[in-house]
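> If you scroll down you'll find the structure; I have some questions about it.
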Amino acid sequence: MASTIFIQTPFQSKSLNKSLNTHFVPSFKLPVSLSFKPRTAAFSKRVHIRAGLIEPDGGKLVDLHVSEPERELKKREAASLPKVKLTPIDVQWVHVLSEGWASPLTGFMRESEFLQTLHFNSLRLDDGSFVNMSVPIVLAIDDLQKASIGESDRVALLDSDDKLIAILTDIEIYKHPKEERIARTWGTTAPGLPYVEETITNAGNWLIGGDLEVIAPIKYNDGLDRFRLSPVELRKEFERRNADAVFAFQLRNPVHNGHALLMTDTRRRLLEMGYKNPILLLHPLGGYTKADDVPLSWRMKQHEKVLEDGVLDPETTVVSVFPSPMHYAGPTEVQWHAKARINAGANFYIVGRDPAGMGHPVEKRDLYDADHGKKVLSMAPGLERLNILPFRVAAYDKTQGKMAFFDPLRAQDFLFISGTKMRTLAKNKENPPAGFMCPGGWEVLVEYYASLTPSDNDRIPQPVAA
């Protein structure tokens, strides 16, 4: 099992650069310089190494939980407040905010924060500096809810079972510009965007922002809470392991040996750069995902097998769940994914082809250019401190019988196994080429697809819990 934790540190975020500079590795500026002989031209510069974790955005991690002695008092206060019912995705966002993943945000966005996020992909802090913020974290309400709130400056937030989740204070209610929000976040208003249909299309015409007082840590009681480590817990774990670099890899798919090759090669490169103990944060997304993605419970089961089978080293790998919902908003959303990992202590971020992307919901093509995500990350305002590690393309090398980095000079020796091909093999209980995925991990994937039962409309299968 590879669950663990991460801690907190102080920092002042940098002002936005006037010139547009990219920050692919190794363009970071840290004390103590080291020279080394790299294996590729991309690593041929002088690198600066420092011990210790990267500081979180805004100088410190926010913690929006009410202290235990105050909980009963807050519950009594909430009883007399107007009530707003949260959707499961709203609760996931409360979780994200409460633990400081979106630091320095202290609650659902007010209008000024919402507009800065939509138009600048960043927030200006009181000292004039900027932090990255590319996706709106907002709470929608309808006309009836707005009327019931009236002149109150606080509201109680309840889950679908009427359990008190939080109190939202010093509130601001403003119009919900749905079309503008969709267009600027996704770059299209085409029908069929999963997050839009799930959370925006039928949402209220108003947004309510304010500061959160979260009554207790969010728990899901699904057997996976032990993996849901906060940025504070993760930082503590990195410090316990004496990490001098943390490289994060987000995924929402099962891990195959191509992923593992990338992650182990990244650690090798960081060691060559002079780091003594780089730690991998294997960080599957655990919030809302679209219906045809493999559910979190099955992905975690598969990831555990990857560590059990020795494909990744448990001593240098921390597996944890990132609680954010998934937008599938491509280059816009990947900035959020990277920013949140800074707050968890990561100073390197692995980015691949079409990060946070999806197929176009109407046309037969990808919604986003496959290279734009990594290019945007390398230039994004507020992410200057994060070192971007672009994916090297891995494919199945037929001459070696294993996953290897693609060599265009002998392209005929390589086999690309797409996600569609992988799913088809698993559904048919067929084995992929030996060396594509560890046997234990493949068995989990086959078991998952065997567990699917047709839904009433015979189109969207409903998974059985792992």
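The values are calculated or read from the model by the stated rules, or taken from the named source; none is laboratory data. Here the structure is a predicted model, which is why all the values come from computation and not from measurement. Reconstructed Cβ throughout: ideal geometry from the backbone, glycine too, with neighbour counts over all protein chains shown. For the accessible areas, the whole protein counts, side chains as well, though only heavy atoms, and no ligand, DNA or RNA atoms are used. Shrake-Rupley method; radii C 1.70, N 1.55, O 1.52, S 1.80 Å.
> How large is ³J(HN,Hα), in whole Hz, for each residue of region 269-282 in order, when computed from phi with the Karplus curve 6.51 cos²θ - 1.76 cosθ + 1.60 and θ = phi - 60°, using x for Gly and Pro?
Each residue of region 269-282 in turn: 5, 5, 5, 5, 6, x, 6, 9, 8, x, 10, 8, 9, 8 Hz.
> Quick one: work out the % antiparallel among DSSP beta bridges in the chain, nearest 5. Numbers along the way, then the final one.
On the way: 28 of 51 bridges.
The answer is about 55 percent antiparallel.
> Quick one: pull the percent of accessible area on region 303-392 belonging to carbon and sulfur, 1.4 Å probe, ligands and nucleic acids left out. Write down the numbers at each step before the final one.
On the way: 1260 of 2690 Å².
Looking at region 303-392 in its full context, I get 47 percent from C and S.
> Looking at (1) 26.8, 92; (2) 24.2, 93; (3) 22.3, 71, which value of Rg and Dmax of the Cα atoms in Å comes from a calculation on the structure shown?
Label of the calculated value: (3).
> Exposed loop sites here are GluC sites (Glu not before Pro) in DSSP loop states with at most 16 other C-beta atoms within 10 Å. What is the longest stretch of the chain lacking them?
On the way: sites that count: 151, 363, 430.
After excluding every exposed loop site, the longest remaining stretch is 152-362.
> For region 219-285, what is the Kirkwood estimate of the hydrodynamic radius, computed as the reciprocal of the mean inverse distance between distinct Cα atoms, to one decimal in Å?
13.4
> Hey, another quick one. Contact order normalised by length for the chain, with contacts defined as Cα pairs under 8 Å and 6 or more residues apart; what percent is it?
Working: 961 pairs, mean separation 95.0, N = 466.
That works out to 20 percent.
> Follow-up. Using alpha-carbon pairs under 8 Å, 6+ residues apart, how would you state the relative contact order of region 310-466 in percent?
Working: 171 pairs, mean separation 23.0, N = 157.
Relative contact order of region 310-466: 15 percent.
> Using the charge dipole of region 363-446 (Lys, Arg: +1 at Cβ; Asp, Glu: -1 at Cβ; taken about the Cα centre), state which of 377, 408, 424 has its Cα farthest towards the positive end.
It is 424.
> Tell me, what is the per residue accessible area of the chain in Å², probe radius 1.4 Å?
On the way: 20680 Å² over 466 residues.
Solvent-accessible surface per residue comes out at 44 Å².
> How big is the dipole moment of the chain about its Cα centre under a simple scheme where the beta carbon of each Lys and Arg is +1, that of each Asp and Glu is -1, and everything else is neutral? Debye, nearest 20, please.
Dipole about the Cα centre, nearest 20: 1780 debye.
> Relative contact order of region 344-430, please, whole-number percent, based on alpha carbon pairs below 8 angstrom and at least 6 residues apart. Numbers along the way, then the final one.
Details: 91 pairs, mean separation 20.1, N = 87.
Reported as a whole number, the value is 23 percent.
> Specify the angular offset, from 0 to 90 degrees and rounded to the nearest 10, of the alpha carbon long axis of helix 231-240 from the longest principal axis of the alpha carbons in the chain.
The angle comes out near 40 degrees.
> Nearest 500 deg cm²/dmol is fine: what mean residue ellipticity at 222 nm does the chain get from its DSSP H runs of n ≥ 4 alone, each adding -39,500 (n - 2.57), divided by its residue count?
Values: 13 runs with 133 residues, N = 466.
Taking each H run of at least 4 residues, the total per residue is -8500 deg cm²/dmol.
> Exactly which trypsin sites (Lys or Arg not before Pro) in region 334-385 are in a DSSP loop and have at most 16 other Cβ atoms within 10 Å?
Working: sites: 339, 341, 353, 364, 365, 374, 375, 385; in loops: 353, 364, 365, 385.
For trypsin sites (Lys or Arg not before Pro) across region 334-385 that sit outside H, G, I, E and B with at most 16 neighbouring Cβ atoms in 10 Å, the list reads 353, 364, 365.
> I've got another one for you. List the trypsin sites (Lys or Arg not before Pro) within region 184-280 that DSSP assigns to loop and that have no more than 11 neighbouring Cβ atoms inside 10 Å. Don't skip to the answer; put the middle values down first.
Working: sites: 184, 219, 226, 228, 235, 236, 240, 241, 252, 267, 268, 269, 276; in loops: 219, 228, 241, 252, 276.
The qualifying sites are 219.
> If you roll a 1.4 Å probe over region 242-300 with all protein chains in place, what percent of the accessible area is carbon or sulfur?
Details: 740 of 1550 Å².
Carbon plus sulfur share of accessible area: 48 percent.
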